[in-house]
Amino acid sequence: MVSILNSVLHANTATSALIAVGNSQLTIALSTLVDNNTGTSMVLDFGGNTHDWRASLMYGAPGSVLLSAPFGTTLSTDCLIGHENASVLGNGGDVFVDDDPGFENRGSANFRLRADSGAVDVCSYNEPSGIVLDLEGNLRPVDLPNPNVAGAFDVGAFERRPSAMFANGFE
């Protein structure tokens, strides 16, 4: 079993960012996987594995797929945003496709979320491992008054903080 929790996986060069072999389980939760130079797929599965991907952002090179897997792979997803979803549909998963994840500055590897990101406050997430802090040690979730789409959790490794000007809730 491999668990990637509350993490950033960035700028790796390999055949795939992750490889699943031989009846294993891969869990990705509250994580950001972005700009890994992985050829044709972010996750390469050799079959018979179980994947659980939740509340994460997954962005690869144009034309690459999130999951390359044969029949027999099981995937469950919840609140996942990525650059494509066709590769996961046949394996039991679904991904909300967004061309711009709304990172502060992707070119400088700043994967915190902008205020206008579609990944802010979109998950009503229940993490069984009890993650209550984001990658920087900030409390999770922070329920911002706007946009508050479907829950208080932000997707990815970083929870959006209120602006300092309005941090006390007064406007």
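Odds and ends about this structure:
- Residue satisfying condition, being at pLDDT below 90, surrounded by fewer than 19 Cβ atoms within 10 Å (Cβ to Cβ) and not acidic (Asp, Glu), within set GLY107, GLY60, GLY47: GLY47
- Of everything in region 133-149 that is farther than 21 Å from LEU33 by Cβ, surrounded by 11 or more Cβ atoms within 10 Å (Cβ to Cβ) and among the aliphatic types (A, V, I, L, M), the residue that is modelled with the highest pLDDT is VAL142.
- Qualifying residues in region 100-134 (those that are charged (D, E, K, R) and without any contact (Cβ under 8 Å) to a residue 60 or more places away in the chain) - the one farthest from SER3 (Cα to Cα): ASP116
- Single unsatisfied condition, PHE111 versus (1) in a strand (DSSP E or B); (2) among the hydrophobic types (A, V, I, L, M, F, W, C); (3) over 18 Å from LEU9 (Cβ atoms): (3)
- Matching residues in region 62-85 - criterion: being under 27 Å from LEU113 (Cβ atoms) and out of contact with any strand residue (DSSP E or B) (no Cβ under 7 Å at 6 or more places or on another chain): PRO62, GLY63
- When each of VAL8, VAL65, VAL97 is tested for being closer than 23 Å to LEU133 by Cα, touching a residue at least 12 places away in the same chain (Cβ under 8 Å) and β-branched (Val, Ile, Thr), the lone residue that passes is VAL8.
- Screening the candidates GLY90, GLY72, GLY47 for the property of being more than 14 Å from the chain's Cα centre (by Cα) and free of Cβ contacts under 8 Å to residues at least 12 places away in the same chain yields one hit, GLY90.
- Those residues of region 18-32 which are of a type in the set (A, V, I, L, M, F, W, C), assigned to a strand (DSSP E or B) and without any contact (Cβ under 8 Å) to a residue 60 or more places away in the chain, in sequence order: LEU18, ILE19, ALA20, LEU26, ILE28
- Pick from region 13-40, criterion surrounded by 19 or more Cβ atoms within 10 Å (Cβ to Cβ) and modelled with pLDDT under 90, ranking: nearest to LEU113 (Cα to Cα): ASN36
- Of the residues making up region 33-42, those that are assigned to a loop (DSSP other than H, G, I, E, B) and either more than 27 Å from ILE131 (Cα to Cα) or out of contact with any Gly (no Cβ under 7 Å at 6 or more places or on another chain) (or both) are ASP35, THR38, GLY39, THR40.
The values are calculated or read from the model by the stated rules, or taken from the named source; none is laboratory data. Quick caveat: nothing in here was measured; it's all calculated off a predicted structure. Positions of Cβ are generated from backbone atoms using ideal geometry, with glycine treated the same way; all protein chains shown enter the neighbour counts.
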